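Everything on this sheet refers to the single structure shown next.
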Amino acid sequence: MILAQEHQYENLLTTYNMCKSDDCRLKSSFKLSEYYLETDEIDKAQKWLDSTKKYHQFRNDEFFKIYIHSLQSELFYYIGLNQFGIYEADKAIEAAKKVQDSALLADSFFFRGINEFEMNDMNDSYKSLKQSKMVYPNLPPKKHLRTLIQKEHIHNNLAQLFLRTKQFDSAVLYNANAYRYAQKSNSKRGIPNCEQTFGLIYLAKNNIDSAFHYLQKSSKSALKSKYYDIQLINQGFLADAFKEYDDSVNLYFDNGNKIINNYPVNRSFRRHFFSTVLPLFKANGNSESLTYVQDQIIRLDSDVRSKGNMHVQNITEQYIKNENKLLNLEINKLKNQRKTSFLQIAALSLGVLVMLLFVILYKRKAKIQETLLYQKNEISKDLHDDIGSGLSSILIHADLLSKQPDVNDNQKLLLSKITLTGKDISQRMNAFIWSLNNENNNLRNFCEYLKQYASNLMEGTPIQLSFTQNIKEADHVSIDGHYRKQLFFCVKELLNNALKHSGATKIMISVLQNEKNQLQIIIKDNGVGLVKKNTFGNGLKNVEKRISEMQGKLNIIDEMGLNVKLSVVLK
């Protein structure tokens with residue numbers, strides 16, 4: 001299999017090097033990107049996809065636009081930048097609707113769905129996967145340059161979604177469909193994958209006999225097709241199925257280690273295997289095996305994180321760099337249009353009026369482009385600063401945990417810190433991506449995002465949250481991404497400090513728009529107020545700085561609790 005892959009790579013690279021035209025290079029670079037995706041070399045896949053974008057930038061080819069956005073969405077899926085993956089899938093969906101190609105449209109909805117699944121957004125994931133199933137062509141789709149998903153992929157992912165939500169009857173139904181399609185097409189990976197899904201469904205239902213039957217069947221199919229990754233994690237699931245019997249747990253654990261030692265298996269599948277057996281050894285008290293498994297997980301995590309942070313950063317920088325090039329091309333295009341329009345105005349003697357209209361439109365478009373460019377550039381810095389420092393913290397805590405002989409109170413504390421760090425990074429990432437999306441540039445979306453964050457923050461606390469808004473035609477009142485992000489972080493800082501220091505039982509949030517076109521956000525609690533001047537620490541200084549940058553006002557009334565009002569002028 002390895003020799004075949006090397007031969008395929010040599011053929012693709014030779015074809016690319018022999019190309020005499022950009023059209024040939026366009027197709028060859030795209031196939032090389034797909035090749036590296038299949039071999040799990042994501043950074044190289046991204047580089048070749050960026051080359052494809054370079055050759056495509058001056059073409060008006062909607063089909064290739066779909067290929068590029070779809071593959072980019074898949075790349076982001078594999079490195080965990082799922083919000084970016086959804087954004088690219090949406091662009092592929094829009095282009096696929098224009099060309100009215102149902103196979104490409106199904107492919108685009110599928111990648112939107114699996115990215116949403118990874119973000120644990122089950123409702124939207126179900127809608128996207130269901131839409132992919134509905135638009136998939138009844139007849140075999142016509143040949144495309146892009147390797148498209150098959151029916152088995154859609155049905156199997158729907159089965160996994162229903163398994164996650166414990167809707168077992170639906171999971172069995174969709175997986176049976178996927179299994180039938182995989183057998184019909186003799187899918188070497190699809191068959192053991194569907195058999196494994198059956199095993200997991202019956203394992204979740206505590207039907208051990210059926211789970212054992214399908215997991216064993218999946219292992220045999222995987223071994224026959226040389227998919228050792230599926231065979232490996234099946235050993236973990238079999239150990240879980242017979243967790244009541246220590247001998248069986250040890251047997252399947254030994255089988256898994258033999259596979260790891262004898263065959264090349266991806267890190268993520270090795271970690272999945274060790275994570276599955278870890279709680280089993282905790283339960284049966286096998287300290288020797290428990291220590292070994294913990295050590296393997298820590299080593300794998302350390303390796304992935306040490307390489308993963310730079311890996312994600314490189315991919316993100318390449319993506320942002322390419323997006324900036326596209327933006328610059330659009331700006332140059334607008335400049336050229338301005339020159340052409342000016343000549344037309346002079347020739348038609350429509351003079352001042354038409355020229356003024358054009359200048360106004362051009363400046364407005366240029367300003368939008370500059371704002372978007374600024375936000376795109378911020379992504380690279382924010383990802384590096386926040387994710388980089390967060391992952392470093394995780395590494396430190398994980399390293400400390402590895403030096404402990406067994407799980408104790410200190411380890412629990414460290415694990416808690418790891419979880420809090422991860423949640424904070426995820427929330428910051430979501431806020432960055434949310435601020436980047438122009439579709440969110442209205443006050444209704446801002447209010448809904450604010451309300452959702454506040455509700456999630458106060459959930460499980462004794463604090464009663466009240467949220468009101470008084471904004472006429474909120475859908476039509478614009479607020480750009482930079483303003484949204486700055487205001488959100490201000491509110492986040494104030495709410496977190498109220499939660500930690502105020503001792504309040506009630507927090508009220510009001511969002512309103514006054515006659516002077518000012519947006520006012522009022523946060524009031526019934527706590528102890530500012531007992532000390534440094535109650536907020538650097539938090540209040542950060543809020544003051546952000547509001548000052550927006551040329552707004554910050555008013556604080558420390559009476560019967562704390563009443564904070566943020567005021568900014570809507571542009």
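Quick look at the numbers
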| read-out | value |
| --- | --- |
| Helices (runs of 4 or more DSSP H) lying entirely in region 185-255 (those with 2 or more residues that are free of Cβ contacts under 8 Å to residues at least 12 places away in the same chain and not aromatic (Phe, Trp, Tyr)) | 208-225 |
| Number of positions in region 524-538 that are among the small types (Gly, Ala, Ser) and modelled with pLDDT of 75 or more | 2 |
| Residues satisfying the stated conditions in region 438-482, i.e. among the small types (Gly, Ala, Ser), surrounded by 17 or more Cβ atoms within 10 Å (Cβ to Cβ) and at pLDDT 85 or above | 454 |
| Unique residue being crowded, with 19+ Cβ neighbours inside 10 Å, closer than 20 Å to residue 444 by Cα and at pLDDT 85 or above when the list is 521, 507 | 521 |
| Selection from region 43-63 of residues that are crowded, with 19+ Cβ neighbours inside 10 Å and over 16 Å from residue 16 (Cβ atoms) | 46 |
| Scan of region 24-43 for residues that are acidic (Asp, Glu) and either assigned to a loop (DSSP other than H, G, I, E, B) or in contact with a strand residue (DSSP E or B) (Cβ under 8 Å, 6 or more places away or on another chain) (or both), ordered by number | 40, 41 |
| Residues (part of a helix (DSSP H, G or I), among the polar types (S, T, N, Q) and either exposed (fewer than 15 other Cβ atoms within 10 Å of the Cβ) or touching a Leu at 6+ places or on another chain (Cβ under 9 Å) (or both)) located in region 116-131 | 123, 125, 131 |
| Filter result for the condition that a residue is of a type outside the set (Ser, Thr, Tyr) and either over 23 Å from the mean Cα position of the chain (by Cα) or within 23 Å of residue 140 (Cβ to Cβ) (or both), over 90, 50, 22 | 22 |
| Qualifying residue in region 268-278 (condition: in contact with a helix residue (DSSP H, G or I) (Cβ under 8 Å, 6 or more places away or on another chain), over 26 Å from residue 151 (Cα atoms) and in a loop (DSSP other than H, G, I, E, B)) | no |
| Residue under evaluation residue 499, criteria (1) touching a helix residue (DSSP H, G or I) at 6+ places or on another chain (Cβ under 9 Å); (2) part of a loop (DSSP other than H, G, I, E, B); (3) more than 27 Å from residue 442 (Cα to Cα), criterion not met | (2) |
| Condition met for residue 425 (within 28 Å of the chain's Cα centre (by Cα), at pLDDT below 70, of a type in the set (A, V, I, L, M) and assigned to a helix (DSSP H, G or I)) | no |
| Which numbered condition residue 264 misses (of (1) under 23 Å from residue 39 (Cα atoms); (2) part of a helix (DSSP H, G or I); (3) not acidic (Asp, Glu)) | (2) |
| Filter result for residue 547 (assigned to a helix (DSSP H, G or I), aliphatic (A, V, I, L, M), in contact with a strand residue (DSSP E or B) (Cβ under 7 Å, 6 or more places away or on another chain) and modelled with pLDDT of 85 or more) | yes |
| Residue match in region 562-570 (condition: in a loop (DSSP other than H, G, I, E, B) and not basic (Lys, Arg)) | yes |
| Every residue from region 162-197 that is among the hydrophobic types (A, V, I, L, M, F, W, C) and surrounded by fewer than 23 Cβ atoms within 10 Å (Cβ to Cβ) | 162, 163, 168, 172, 173, 176 |
| Residues of region 132-153 satisfying the condition of being part of a helix (DSSP H, G or I), in contact (Cβ under 8 Å) with a residue 24 or more places away in the chain and surrounded by fewer than 21 Cβ atoms within 10 Å (Cβ to Cβ) | 133, 135, 151 |
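The values are calculated or read from the model by the stated rules, or taken from the named source; none is laboratory data. Keep in mind it's a predicted model, so treat the numbers as computed, not measured. Ideal geometry is used to build each Cβ from the backbone, glycine not excepted, and the neighbour counts take in all protein chains shown.
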